[in-house]
Amino acid sequence: MNPIKAVVVLFDRYFYSEKQSECSDLDLRVKPDWKQLRTRIRTMPTCDICHYAFLLSVMMISIIVSPVHILFKLVVIIGLATIFIVPLTSQFFWSALPILTWVGLFFNMPFIPVWIKPAITVQSLPALETILYGDNLSDILAASPNAFLDLLAWLPYGIIHFAFPFILAALLFVFGPPRCLRAYAFAFGYMNLIGVITQLLFPAAPPWYRLLHNLEPANYSMNGSPGGLGRIDQLFGFDMYTTTFSKTSPIIFGAFPSLHSGSAVMEALFFSYLFPRLSWVACAYVSWLWWSTMYLSHHYFIDLTGGAVLSLTIFTYTKYRHLPMRSLKCWCRWSYTSIEKFDAYSSNPLRGKTSADVVIELDESFSSSSSSTNLNWV
Amino acid sequence: MGFLNSALPKKFLGIFPLYIGVELILGYAIINKMSGPYGLLSLFTGHPIDFFQAMFYISSVIVLPLYFHGFKELFSPRIGMFSLVTTIYVLDTFLGLLSNLYFALQWFTYGGEDTTINKPSFGESATTASESIASAATSTLSFSSFTASPTPDFNPLDSTVPQPYKREMDENVQSASQARELFVIIASSVLLNGVRIYFTLILLAFTKILIRMGKNEGIQSNDFNDLNYMQGETKFGRVLYFLKVKCLRILQTVYNY
């Protein structure tokens, strides 16, 4: 049998045959629906207007500072406008706007003029880490490297970190309720975007800087370092990380917060949402990645907690605002007949059980503001 | 204790229900307490730690499962367990403040230069690393040096150079001054400890309502189901039970219930 046909048959048997309603359908239209677009813009809630205004402003800054030719910039703008208007692509790209904005800003960071950038802090992170956690944990973990530990650290930091967001997106699309992928794109994109903006506003030197230069003043013309990943290049005998981290890295002094940690925690939270019984796997992965970032001298522990706190905060917001509820009775996307959201009011464990102190009116107002969100737009 | 009761917030950040705050607070606590297992890995890496550091990491490892349990149980909270979690969190906040002071003193006394660490090589950059380390001037932060700032070679009064571009031209002023570094360290420490105290009040407010729920509905012996299973339990279960009852009684005294 033709392998493509076999995949289609298997998909139809195990997934699509579950379909009972149209809530899981994708919009396959290619012709722009101007009327629907106008209606959506007119009825857009204020918070959504702020959301898109913020993202478009950041995107415009990225396009302005980018050194590419103006014709290429125009092509990018027209291309983006097209994919946001065509229904087939817009259903994915409206939700992915925070991710696109983050990627755009990240790769254009080196072109932001130095006179705008704040001064680089070299001593604040190790000092804060010592004050809050008793020592520089990255020093503790990087103290005795060997080839086995190098490989063990390289796997999550250099391989899984880049592949897992896509694998998780596919898992969420197939096994999660409809629209949960949009919530994931929103949360993942915003976490990274806020992280990169923080790195821009609070440039800080990573642990490898302290090991190479002690605590001497830094400047923006300095080269980066692959940290412990340089040993992986030595082990394999080819340049996989040294040039990338030394010369072409868009952010040299972006230690805080750690986006490796932020991404791992965000993935762990969505993975636990999708497969609650496998939460321990997600926790183990985060612990493994945290160890590897410190072992490779890429981040202080305080950077990791910064990224994790950012992720948890954005995930919690997304959970109550955008994320549909996972039903344990439904085995895949096509099993869902309706979409239900987390309700902040009914979830309240203190709800209605006492006559005093419980702020029910507050919960109700929070809950109603949550449910007013237009899911089609986020 | 009337002052404490009036100081307890009714909402988290003024707008959100308390339980959302508790969900975040316990999540943040778990993230922070992960420092314990990593700190104790020093036993295997040979990095020396002193007695207070060891106690700090061991206590983090001990409270980690408790916070996990509280986080997991948030949507069907039991009074005994949350009394224990809240009391430990209050204690943890107090000891955290003291440990921060102790470690801050350590940092400002001995500076950031840890001569005991083994500096790992980074592959090809190893030569550059050793050269840099050998040539680098030590500039650790101390209270006596906070007024010092990088001294650029260029003339800031040179009117031919537009002001914004002076910084771009002079690499010496692209690094934060000692005063700025000190400000960031102290301001962040104070802010984080302030936030920690606020989080403690949120947790106290949540548990207060939980205990009041039991009192109002006369479920002293029913909703306390986690306090009633001591018979036939293991020694650990009995110790846990004892701690829960103790913490509940302490909080009842604090809340005047």
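The values are calculated or read from the model by the stated rules, or taken from the named source; none is laboratory data. Just so you know, these numbers come straight off a predicted model, no measurement behind them. All Cβ positions, glycine included, derive from the backbone under ideal geometry; neighbour counts span all protein chains shown.
Do any residues in the range A:17-43 that are over 15 Å from A:F84 (Cα atoms) have Cβ atoms under 7 Å from those of residues that are of a type in the set (K, R) and part of a loop (DSSP other than H, G, I, E, B), where the two are at least six apart or on different chains, and which pairs are they? Qualifying pairs under 7 Å: none.
Results for (1) in a helix (DSSP H, G or I); (2) in contact with a Gly (Cβ under 7 Å, 6 or more places away or on another chain); (3) surrounded by 13 or more Cβ atoms within 10 Å (Cβ to Cβ); (4) among the aromatic types (F, W, Y), shown as yes or no for each residue.
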position: A:M1; (1), (2), (3), (4): no, no, no, no
position: A:V9; (1), (2), (3), (4): yes, no, no, no
position: A:S17; (1), (2), (3), (4): yes, no, no, no
position: A:C23; (1), (2), (3), (4): yes, no, yes, no
position: A:K31; (1), (2), (3), (4): no, no, no, no
position: A:R38; (1), (2), (3), (4): yes, no, no, no
position: A:I41; (1), (2), (3), (4): yes, no, no, no
position: A:C47; (1), (2), (3), (4): yes, no, yes, no
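Among the criteria (1) facing chain A (nearest Cβ under 10 Å); (2) at pLDDT below 95, the one B:L192 does not fulfil is (2).
For B:P37, the conditions (1) modelled with pLDDT of 90 or more; (2) surrounded by 17 or more Cβ atoms within 10 Å (Cβ to Cβ) are fulfilled apart from (2).
Among the residues of the range A:299-314, is any in a loop (DSSP other than H, G, I, E, B) and of a type outside the set (D, E)? Yes - at least one qualifying residue is present in the range A:299-314. Select from the range B:9-34 the residues that are assigned to a loop (DSSP other than H, G, I, E, B) and more than 9 Å from every other protein chain (Cβ to nearest Cβ) and write down the one among them that is surrounded by the most Cβ atoms within 10 Å (Cβ to Cβ). Once the filter is applied, the top-ranked residue is B:P9. Of the listed requirements (1) touching a residue at least 60 places away in the same chain (Cβ under 8 Å); (2) more than 26 Å from the chain's Cα centre (by Cα); (3) over 19 Å from A:L229 (Cβ atoms); (4) more than 7 Å from chain B (Cβ to nearest Cβ), A:L149 misses just one: (3).
What do you reckon, is B:F108 surrounded by 16 or more Cβ atoms within 10 Å (Cβ to Cβ), within 11 Å of chain A (Cβ to nearest Cβ) and modelled with pLDDT of 90 or more? Answer is no for this residue.
The set of residues in the range A:154-166 being closer than 12 Å to A:Y241 by Cβ and either surrounded by 13 or more Cβ atoms within 10 Å (Cβ to Cβ) or in contact with a His (Cβ under 6 Å, 6 or more places away or on another chain) (or both) consists of A:W154, A:Y157, A:G158.
Of all residue pairs spaced 6 or more apart or on separate chains, those with beta-carbon atoms under 9 Å, a first member in the range A:262-287 that is away from chain B (no Cβ under 12 Å) and a second member that is buried (at least 24 other Cβ atoms within 10 Å of the Cβ) and among the charged types (D, E, K, R) are A:A282/A:E267; A:Y285/A:E267.
With a requirement of 2 or more residues that are over 22 Å from A:F164 (Cβ atoms), the helices (runs of 4 or more DSSP H) lying completely within the range A:201-280 that satisfy it span A:207-213, A:229-236.
Testing A:T313 on (1) modelled with pLDDT under 90; (2) surrounded by fewer than 18 Cβ atoms within 10 Å (Cβ to Cβ), one condition comes back false. Which one is that? Unmet for A:T313, out of (1) modelled with pLDDT under 90; (2) surrounded by fewer than 18 Cβ atoms within 10 Å (Cβ to Cβ): (1).
Going by the conditions given, is B:Y257 hydroxyl-bearing (S, T, Y), in a loop (DSSP other than H, G, I, E, B), on the phi < 0 side of the Ramachandran plot and at pLDDT 60 or above? In short, yes. With respect to the conditions (1) more than 15 Å from B:T207 (Cα to Cα); (2) within 7 Å of another protein chain (Cβ to nearest Cβ); (3) among the acidic types (D, E), B:D92 falls short on a single one, namely (2).
Going by the structure shown, is A:I83 touching a helix residue (DSSP H, G or I) at 6+ places or on another chain (Cβ under 7 Å), surrounded by fewer than 21 Cβ atoms within 10 Å (Cβ to Cβ) and not in a strand (DSSP E or B)? Against the criterion (touching a helix residue (DSSP H, G or I) at 6+ places or on another chain (Cβ under 7 Å), surrounded by fewer than 21 Cβ atoms within 10 Å (Cβ to Cβ) and not in a strand (DSSP E or B)), A:I83 qualifies.
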